[in-house]
Amino acid sequence: MDVTLRTPPPAHRDRLSTCRLILPADFEAFYLLHHKLYLRYALHHLDPVTAHDVVATVFGNLATHWCRLLRHPNLSSHAWQLFRSQACLRARREEGENIHQATRPLHYDTAVLHQHLGYPLATVAAAIGEETSTLRSALRLNSGRNLAPRPVATPPS
């Protein structure tokens, strides 16, 4: 992944120069695999500007600490928890909303991602770092309960 950053050099604060940052291939793969799902989840709970900001902030933090995060035993779970905590914080701060709405976060996230946003359970499991069987159980335990009644925001093209 090739990211171009524009920052003013110290000697020329009135002009912008281009600085190219090459990110590791494994981060690029993680980003490409999870970015859209994270963004759709954020759009389900937040206005588009805030949703994009939360996702960009989280992926920026992941990129900054990527080498250290690779040593984590469950990178997907850790990244999801970082993202989810940011999304919850912003939802409470800006809209007074509690994302998991008095249920277990795993159950709620599974309902949103699988039932409302239409992701296959295997995709959800990979994104949030859980076993598919665990998510199946979460759905069974909550069958008949509408855990995520908000309308789905249209995913970006």
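The values are calculated or read from the model by the stated rules, or taken from the named source; none is laboratory data. Computed from a prediction, not measured in an experiment: that's the story for all the values here. FYI the Cβ positions are ideal-geometry reconstructions off the backbone, even for glycines, and counts take in every protein chain you see.
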Failed criterion for Ser85 (all others in (1) polar (S, T, N, Q); (2) under 29 Å from Leu141 (Cα atoms); (3) in contact with a helix residue (DSSP H, G or I) (Cβ under 8 Å, 6 or more places away or on another chain) hold) = (3)
Leu32 under 28 Å from Glu131 (Cβ atoms), modelled with pLDDT of 95 or more and either of a type in the set (S, T, N, Q) or exposed (fewer than 12 other Cβ atoms within 10 Å of the Cβ) (or both) | yes
Given Ala91, Ala138, Ala122, Ala127, which one is modelled with pLDDT of 95 or more, buried (at least 17 other Cβ atoms within 10 Å of the Cβ) and assigned to a helix (DSSP H, G or I)?
-> Ala127
Of the numbered conditions (1) surrounded by 14 or more Cβ atoms within 10 Å (Cβ to Cβ); (2) in contact with a helix residue (DSSP H, G or I) (Cβ under 6 Å, 6 or more places away or on another chain), His72 satisfies every one except a single condition; which is it?
-> (1)
Mind checking which residues of the range 45-61 are touching a Leu at 6+ places or on another chain (Cβ under 9 Å) and surrounded by fewer than 21 Cβ atoms within 10 Å (Cβ to Cβ)?
-> His52, Asp53, Asn61
